[in-house]
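Below is one structure; the comments refer to it alone.
Just so you know, all these numbers are worked out from the coordinates, no wet-lab data involved. Keep in mind it's a predicted model, so treat the numbers as computed, not measured. FYI the Cβ positions are ideal-geometry reconstructions off the backbone, even for glycines, and counts take in every protein chain you see.
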Amino acid sequence: MNTTHTEKATASESAKNEEQGRYEALYDRFAERTRELFEASQEKGKEAMDKSIEMAREQFAAAGEFSAEQGEVFKRYMRRDLAQTEADMRILGQEAAERFHPARLGAGAFSSMARLLQATGSALQNLSQKAEDALHFNTGEITAAGTLTCTNCGQKVQLKRSAHIPPCPSCHGTEFRKGY
């Protein structure tokens, strides 16, 4: 009787892993289609990206690739991953501001650069705050490759491809911050 129970548990776990793998691959295809639609668009920016995400969701739903509910979940994951990219870009902007420190620039260029960096810094700070508010990664969600850091214990979990987020291997925490 134990063998039958064990075989059923193993089959159930295998089916679960197969289903997770299917959703992870589907998320990658969804992200790729979103990118294609965005690149083909004449417009660029947040609104154009939102339109591309929605068009990809509609196309996948119409093709029976996923349910409307799963499409909404993928949209949420995609927006969250894009918010992480915005945060990463903010960091790059800060690094650029440090590299263009006034001591490195001539007096004439200094004034122009200072105004440009101040405007850019304000815009990036607003974007980073929005990204910061949206960057909650939880066990069970799907995310693209990257490094997740447990907010409870600081343990890092490396994802080499899009995958469901596992519980923290150290403390079994379920909330993470992501870096690439």
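Where does each of MET89, MET78, MET55 land when they are ranked from fewest to most other beta-carbon atoms within 10 angstrom? Walk me through the intermediate numbers first.
On the way: MET89 14, MET78 23, MET55 17.
Taking fewest neighbouring Cβ atoms as first place, the list is MET89, MET55, MET78.
How do GLU43, GLU141 line up, fewest other C-beta atoms within 10 Å first?
Numbers: GLU43 10, GLU141 16.
Final ranking by Cβ density, sparse to dense: GLU43, GLU141.
How much net charge surrounds ASN138 when only the other residues with a Cβ under 12 Å from the Cβ of ASN138 are counted, with Lys and Arg +1 and Asp and Glu -1?
Local net charge: +2.
Starting from the Kirkwood radius over alpha-carbon pairs of segment 1-66, derive D by Stokes-Einstein at 37 °C in a medium of 0.692 mPa s and give it in µm² s⁻¹.
Working: Rh = 14.1 Å.
Estimated diffusion coefficient is 233 µm²/s.
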